[in-house]
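The values are calculated or read from the model by the stated rules, or taken from the named source; none is laboratory data. Treat the numbers as computed from the prediction; the structure is a model and nothing was measured. Reconstructed Cβ throughout: ideal geometry from the backbone, glycine too, with neighbour counts over all protein chains shown.
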Amino acid sequence: MALILDLVENHSQPRPARQAAFFDLDKTVIAKSSALAFSRPLYRGGLINRRAVLKSAYAQFVFLAGGADHDQMEKMREYLSSLARGWNVAQVREIVAETLHDLIDPLIYDEAASLIEEHHAAGRDVVIVSSSGSELVEPIGEMLGADHVIATRMAEADGFYTGEIDFYAYAENKAVAIRELAALEGYDLARCYAYSDSATDLPLLEAVGNPHAVNPDRALRREAQARSWPVLVFTRPVQLKERSASLSVTSRPMLAAAAFGAAVTAAGLVWYVARRSGRAAAAVG
């Protein structure tokens with residue numbers, strides 16, 4: 001009887017709260033825009049024309065240089081969304097799957113890969129939270145050994161992209177999504193970590209107890225300094241296969257990466273505030 005009572009008592013005890021580390025993707029884990037990186041393969045596959053490639057190249061430059069405001073990026077997002085309408089999903093998946101490793105692997109920050117290793121070693125789940133399309137973010141998450149992915153979901157009908165968005169993983173929606181995941185997985189958000197480069201992710205950073213600004217834009221840098229958040233600088237893109245550390249890289253086939261290059265940006269690119277100024281570094285809290 002005593003044994004049964006002990007089992008009942010132990011079973012009734014609440015499980016220890018789990019922890020997770022939430023990572024934005026572009027300019028936090030990888031050095032460029034994940035979605036725009038696929039514009040040239042889509043051009044070679046006949047899905048976009050040269051003008052669209054040049055627009056994507058310009059958008060990538062703006063993204064890196066920090067010269068765009070919210071309205072400019074919204075116009076680009078709308079243009080790219082309309083561009084993808086009617087694309088054959090299977091064709092896009094094939095194009096992206098063939099080029100994923102060549103395009104994305106060299107862009108991954110060594111510092112981010114090391115952080116992912118450290119969080120896993122500490123028993124925390126790693127979650128990629130990106131505004132880019134899930135068809136792109138999920139295989140990148142697999143490359144990184146992430147436990148979960150939160151990303152934008154684009155609508156499909158009869159095997160074609162409609163140009164509509166089922167779920168936009170952006171701004172406050174990111175915070176809503178991680179709260180829902182935390183409820184499912186038993187994460188204690190007060191003990192969780194988050195990393196982002198953009199002030200648009202303030203809701204995400206505010207939702208956890210350990211926020212970090214990575215290569216922050218001006219607005220996020222100001223917020224981080226005002227709130228005494230750690231500011232990290234990642235500068236070393238490196239191919240995962242060249243790393244000697246034990247980053248968990250799955251060998252399973254990549255999920256079809258229908259990142260519809262420009263169109264995934266439709267779901268994933270909203271760079272709100274002027275980007276990038278100066279550099280500062282601090283230890284991870």
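For region 140-167, give me the residue count where each residue is among the small types (Gly, Ala, Ser) and touching a Leu at 6+ places or on another chain (Cβ under 7 Å).
Residues in region 140-167 being among the small types (Gly, Ala, Ser) and touching a Leu at 6+ places or on another chain (Cβ under 7 Å): 1 in total.
Within region 181-229, track down each residue that is within 16 Å of the chain's Cα centre (by Cα), under 23 Å from residue 114 (Cα atoms) and of a type in the set (Gly, Ala, Ser).
So in region 181-229, the residues within 16 Å of the chain's Cα centre (by Cα) come out as 181, 193-205, 211-216.
Applying the additional criterion that residues be under 23 Å from residue 114 (Cα atoms) yields 193-198, 201, 204-205, 211-216.
The answer is 194, 196, 198, 213.
List the residue pairs whose Cβ atoms are under 6 Å apart, where the first residue sits in region 220-243 and is under 15 Å from residue 196 (Cα atoms), the second is surrounded by fewer than 17 Cβ atoms within 10 Å (Cβ to Cβ) and modelled with pLDDT under 95, and the two are 6 or more positions apart or on different chains.
Matching pairs, first to second residue: 230/282; 230/285; 231/280; 231/282; 233/279; 233/281.
From the list 102, 166, which residue is modelled with pLDDT under 95, more than 22 Å from residue 19 (Cβ to Cβ) and outside any strand (DSSP E or B)?
One residue alone meets the criteria, 102.
Based on this model, can you work out whether residue 178 counts as touching a residue at least 40 places away in the same chain (Cβ under 8 Å), surrounded by 17 or more Cβ atoms within 10 Å (Cβ to Cβ) and farther than 21 Å from residue 19 by Cβ?
When the stated conditions are applied, residue 178 does not pass them.
Could you list, in sequence order, the residues of region 77-99 that are of a type in the set (D, E, K, R) and at pLDDT 75 or above?
85, 93, 94, 98 - these are the residues of region 77-99 that are of a type in the set (D, E, K, R) and at pLDDT 75 or above.
Identify, from the list 121, 112, 146, the residue that is out of contact with any strand residue (DSSP E or B) (no Cβ under 6 Å at 6 or more places or on another chain) and buried (at least 20 other Cβ atoms within 10 Å of the Cβ).
Result of the check over 121, 112, 146: 112.
If we scan region 118-126, do we find a residue that is without any contact (Cβ under 8 Å) to a residue 40 or more places away in the chain, under 25 Å from residue 230 (Cβ atoms), within 17 Å of the chain's Cα centre (by Cα) and assigned to a helix (DSSP H, G or I)?
no
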